[in-house]
Structures are given as C-alpha cells and as structure tokens.
Amino acid sequence: MTPRIAVVGGGMAAARFAERYGALGGPGEVTVYGAEPRAPYNRVLLTEVLAGRYDAESIALPLGGAEVRPGCEVVALDPAARKLWLAGGAAEPWDELVLATGAGPVLPPVRGLRGPDGSGLVEGVHTLRTLDDCVRLAEHAVGARHAVVIGGGVLGVSAAGALAALGTRVEIIHQASYLIERQLDAGASGVLRERLRAVGVDCHTGHRVRAVHGSARVEAVELADGRRIDCDLVVLACGARPHTELARTAGLPAATGVLVDDGLTVAPNVHAIGDCAEHRGTVHGLAGPAWEQADVLARRLSGAEPDARYPGTGPRARLSTGGLDYAAFGTVDETREPGLHALLLTDATRGSYKKLVLRGDRLVGAILLGDLAAVDAVAGAFADGGAIAGHPLHLLTGGTAMTGDVR
C-alpha cells in the first residue's frame, strides 16, 4: 500500500521534513497542510525581509515532491481513525501524521494592548511571526518616527536592527538585566548593546512595560517605574508558545509542547517536530533543532534509517542581521558551574567578543560576536564532543597573531 503522510503545519520544520523525505526516496504521498495562505518559507529571515534585504519570494523553502496546500487549516484530528478535518469541513485520511504546528507569539501582560472592541491589537502594535505580520509592519514603519520593541531576545534585537535600517528611531525595552540573556553572557551583551547604539538603537534593560497608551492608535508606552516613552510603533517580541491545541483536543500527550520520544513519536503513527514538539522536557524553539528533528523523522519514515533517534540538541543559537552577527554554543557562563574556566579575546575597536568556556582541555561553551571567522572550527569541536587539538586559543585565532585583550 502506498503510504499517505499528512504534515500539519506549513513552517520550516514541515518543509524540511518534506524535502528530506523526498530526497531520501520515501514512498507514497506527502501532503503539507498550512494555515497561512503562503507556501512554507524561511521564518528566520523575516527581519531581513522587513529591512528590505530580501523579498518574500526569495525566502521560499523547497519541499521536494510534496503536495502543498496553503490556506488549509486543520481543525481536528482522530488518531484512532487516522483522519483529519479542515476548516471547510472536509475530512482527509492519512497513514502517518506529522505535527509541525509551530508556535505563536506570546502577548505580555501589558494594559492597553487591545483595541476598543478587544478583538485585536491596537493600531500600531505588531507581532512578528509570519510574512503577513512582516508586510503589515513594513507598511507601518514607512511613516513611523519612533518605535519601541518590547523584548530584547533574538527576535527583538533582529527586529530593532531592521527597523533602524529603515530609518526609524528605535528603543528596546527588556526586562532582563542584559540582552539575549539565554544565549549570551553580560560581557557579550554589552558589546552587542554598543553595536546596536552605533546603528541607532537604544536599549533599556532591567525595565518592564506595564501599559500602552492611545485609544485609536498607539501613542506611548509606560514603564513600570512610571516613565513614559512617546512612540507611534510597538513591536512585541516576548517569546513564543507552542501550538498544542490540536494534539490536546485529540487526546495526545502534551505539556509545554507535544510530548515526543527519541523517535519523535507521540502515539502510534503520530509524530511531532519543530517548535510544537517537547523532547526530554525541552522545547527548543530554534530552527537548528527543528531541522535536526525533521531530518531524523525523514530518515525513519522513508525507510532510509528506520531506527534513527533524536538525542537532543545542545544549546546553540546564531543571529545574523544587518551586520549584527553572533553565534553561541553550550554553556556560556563559566561562573554557573564549578570546574569551568574561560578564555576571552575582545577587541573594542572592532566590536568583537570571542569566548571559549572549558572544562579542563575540553570545550563546553563558546560565544562569537562581531567576528564569526572561527564559527566552523568551534562548531567542529562541539561535533567532536568538545575535543580540541592543540592550544584552545587557536580555535579563535586560527594560529594567527592576536589583537585585543586576552583574559
């Protein structure tokens, strides 16, 4: 029998699975059901589209020979009957189901976010999760004089840089004590902050927005300390929450995300990958782990490697937008664990910060900011389990002369 594989969700994980399944010669038919009216695209590049460096067509993703059905939202599942239902009422059978429903933006507990009727965000307040979000934000940014980005994580920093490139004055309000605190240390974040200031972005860390003012459209934000910042554009970059509603309603196990084992299986013939999947207590919410999961599941279901397992992905992240580049791997703060030490190379003139975190002679963490020349060497060392050949400084310098400060 020719297997019918239904992929629910039209994001990056779905596209990667479909493309790899086809490349591996997987049998049968793969159908990708996406709620968005567009075929899958690279969400990581949304802020580059916002800044005008890419157009929407150029970030489309390959899908192999899969049938793509954009604008077809799946509203119900029956795992026992192996059926799904679309918003229009049609029922579709499947033999294997892949949940790749992704995640949606988190709205912070801020007064005044919603418009007068309470059904949507007040005019001028935006999220940035989809291409449609990007188009609306770009249109508004054309006439905006002053933007506030709430949240200083990866998305917030990327969005702020993109808006600054459009000529908008931008301020980031971030509740944590420094930017991108999940992937950077305080020193790297300080260098990033100076680089942002150089391109026209001011940052206020350790502050919280408690209210948005403006009845018809946004006019200002109010901080918890009572300070008011006038603005005509607000971007919410406060994280994402996995879409688990379909799975829960269908009786599938879910906690923060849809629960999967090392085979990325939720229940018989049901699987989950990407931002909606929770593996060993972790929802990664990053493109790299999502693609690794998609690759493993494609090997399993195509028959290329039926026993393939996903062991998890170590902490790592990479940002590259408008000249603001960093990569982070593993444990980046040596003070949080005993037995760790750090090798640090900084160059204030060039705005670079390079750090290795070591346990003995093995690499357990790294930050590269402003200069990613060593990223392949560092990634290779992590792929080898942290083994380093020769002096660890050579990972950062390639054996060349050093500049800056080593501590």
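The values are calculated or read from the model by the stated rules, or taken from the named source; none is laboratory data. None of the values given here were measured: they were computed from a predicted structure. Here the Cβ positions follow ideal geometry from the backbone for every residue, glycine too, while neighbour counts run over all protein chains shown. Side chains are part of the model used for accessible areas, which takes the heavy atoms of the whole protein and leaves out ligands, DNA and RNA. Shrake-Rupley method; radii C 1.70, N 1.55, O 1.52, S 1.80 Å.
The table below gives the values:
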item: Check on Arg4, over 13 Å from Gly102 (Cα atoms) and either in contact with a helix residue (DSSP H, G or I) (Cβ under 8 Å, 6 or more places away or on another chain) or charged (D, E, K, R) (or both); result: yes
item: Pick from region 280-298, criterion more than 18 Å from Leu63 (Cα to Cα) and either modelled with pLDDT under 95 or touching a Ser or Thr at 6+ places or on another chain (Cβ under 9 Å) (or both), ranking: least open to solvent (accessible area, probe 1.4 Å); result: Pro289
item: Candidate set: region 299-334, residues that are at pLDDT below 90 and polar (S, T, N, Q); chosen: the one nearest to Leu97 (Cα to Cα); result: Thr313
item: Hits in region 91-106 (condition: touching a helix residue (DSSP H, G or I) at 6+ places or on another chain (Cβ under 9 Å) and either open to solvent by 20 Å² or more (accessible area, probe 1.4 Å) or among the hydroxyl-bearing types (Ser, Thr, Tyr) (or both)); result: Glu96, Thr101, Pro105
item: Region 107-126, residues that are charged (D, E, K, R) and either in contact (Cβ under 8 Å) with a residue 12 or more places away in the chain or open to solvent by less than 30 Å² (accessible area, probe 1.4 Å) (or both); result: Arg111, Glu123
item: Residue check for Val170: in contact with a strand residue (DSSP E or B) (Cβ under 7 Å, 6 or more places away or on another chain), modelled with pLDDT under 95 and closer than 22 Å to Cys134 by Cα; result: no
item: Any hit, region 252-266, residues being more than 16 Å from Ala13 (Cα to Cα) and touching a Phe, Trp or Tyr at 6+ places or on another chain (Cβ under 8 Å); result: yes
item: Of the criteria (1) under 30 Å from Gly365 (Cβ atoms); (2) free of Cβ contacts under 8 Å to residues at least 24 places away in the same chain, which one Leu192 fails; result: (2)
item: Matching entry among Arg136, Arg82, Arg69 (being more than 18 Å from Tyr33 (Cα to Cα) and surrounded by fewer than 20 Cβ atoms within 10 Å (Cβ to Cβ)); result: Arg136
item: Subset of region 272-289 [under 23 Å from Gly26 (Cα atoms) and touching a strand residue (DSSP E or B) at 6+ places or on another chain (Cβ under 8 Å)]; result: Ala272, Ile273, Ala277, Gly288
item: Pick from region 197-209, criterion touching a strand residue (DSSP E or B) at 6+ places or on another chain (Cβ under 6 Å) and either of a type in the set (D, E, K, R) or in contact (Cβ under 8 Å) with a residue 60 or more places away in the chain (or both), ranking: farthest from Leu369 (Cα to Cα); result: Val209
item: Region 220-240, subset free of Cβ contacts under 8 Å to residues at least 24 places away in the same chain and of a type in the set (D, E, K, R), residue farthest from Ala144 (Cα to Cα); result: Asp225
item: Top-ranked residue of region 92-132 - restricted to ones that are of a type in the set (S, T, N, Q) and out of contact with any strand residue (DSSP E or B) (no Cβ under 8 Å at 6 or more places or on another chain), ranked as nearest to Gly239 (Cα to Cα); result: Thr130
item: Any hit, region 373-391, residues being in a strand (DSSP E or B) and within 23 Å of Gly288 (Cα to Cα); result: no
item: Which listed residue, of Pro27, Pro37, is over 23 Å from Gly303 (Cα atoms) and either in contact with a Lys or Arg (Cβ under 7 Å, 6 or more places away or on another chain) or open to solvent by 10 Å² or more (accessible area, probe 1.4 Å) (or both); result: Pro37
item: Among the residues listed as Ala76, Ala18, the single one being open to solvent by less than 20 Å² (accessible area, probe 1.4 Å), touching a helix residue (DSSP H, G or I) at 6+ places or on another chain (Cβ under 9 Å), at pLDDT 95 or above and among the small types (Gly, Ala, Ser); result: Ala18
item: Qualifying positions in region 124-179 - more than 16 Å from the chain's Cα centre (by Cα) and charged (D, E, K, R); result: Asp132, Arg136, Glu139, Arg145, Arg169, Glu171
item: All positions within region 257-270 that are under 25 Å from the mean Cα position of the chain (by Cα) and either among the small types (Gly, Ala, Ser) or surrounded by 13 or more Cβ atoms within 10 Å (Cβ to Cβ) (or both); result: Gly257, Val258, Leu259, Val260, Asp262, Gly263, Leu264, Thr265, Val266, Val270
item: Region 350-380, residues that are in contact (Cβ under 8 Å) with a residue 40 or more places away in the chain, of a type in the set (A, V, I, L, M), within 17 Å of Val191 (Cα to Cα) and in contact with a helix residue (DSSP H, G or I) (Cβ under 8 Å, 6 or more places away or on another chain); result: Leu356, Ile367, Leu368, Leu369
